[in-house]
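Working notes, beginning with the structure itself.
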Amino acid sequence: MARRLSRVVHAGPVSIGGGSPVVVQTMTKTDTRDVAATVAQIRDLEARGCELVRLAVKDMAAAAALKSIRAEVSVPLVADIHYDPRLALASIEAGVSKIRLNPSNIRDSGAVRDVAAAAKAAGIPIRVGANLGSMDPALEPSARAAA
């Protein structure tokens, strides 16, 4: 089966899309605020061939920990952001290589634009991720049909 053509983006030194090889990515299970445990898990993942690691950034303490984690590991880091666009901005400042943003659970579209502008200025790609559980129930097809 032929691969779908897509544009290449870079998360640090890792190329994603286009004709680039498939990248091995996973997400940590540790509390991102626990720098030592998170660094240990990332190093183990790197040793197993992981090329990109995603971390949950649930609060400002987790965002603040990213800078220390970034200093200890060589694999590009992806900040997984929900609800609070300030966490994305803090993650960009901390030096992550990519943002995973769920704009459907950030109600302020101006804040989403601010995150996009900051990421663009830093040369950081954004993966837009949305799932039904995070969508406004009024947007679900069954709700629209009933209206």
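Worth pointing out:
- In this calculation the C-beta distance from ALA2 to SER109 is compared with R0 = 35 Å, giving a FRET efficiency of 0.45.
- Structure-derived Rg/Rh (Cα atoms, Kirkwood Rh) - corresponding label in [x] 1.01; [y] 0.94; [z] 1.04: [x]
- Between SER6, LEU89, THR30, the Cα set farthest toward the positive side of the dipole of the range 1-121 (charges on each charged residue's Cβ, about the Cα centre) is that of SER6.
- The lysines within cross-link reach of LYS98, meaning a Cα-to-Cα straight distance under 18 Å and a gap of 8 or more places when in the same chain, are LYS58, LYS67, LYS120.
- For the chain, the solvent-accessible area works out to 58 Å² per residue, with a probe of 1.4 Å and every protein chain left in place.
- Bridge type composition, the chain - antiparallel percent by DSSP, nearest 5: 20
- Proximal aspartates and glutamates relative to LYS29, as straight alpha-carbon distance under 17 Å, when same-chain residues fewer than 8 apart are discounted: ASP44, GLU46, GLU51, ASP59, ASP80
- Helices in the chain, meaning DSSP H runs of at least 4 residues, each add -39500 (n - 2.57). Divided by all residues, the mean residue ellipticity at 222 nm is -11500 deg cm²/dmol.
- Dipole check for the range 1-56: with +1 at the C-beta of Lys and Arg, -1 at the C-beta of Asp and Glu, and the Cα centre as origin, the magnitude is about 280 Debye.
The values are calculated or read from the model by the stated rules, or taken from the named source; none is laboratory data. This structure is a prediction, so every number in the text was calculated from the model and none was measured. Don't worry about glycine lacking a Cβ; one is built from the backbone with ideal geometry, like all the others, and counts go over all protein chains shown. For accessibility, only protein heavy atoms count, side chains too; no ligands or nucleic acids. Shrake-Rupley method; radii C 1.70, N 1.55, O 1.52, S 1.80 Å.
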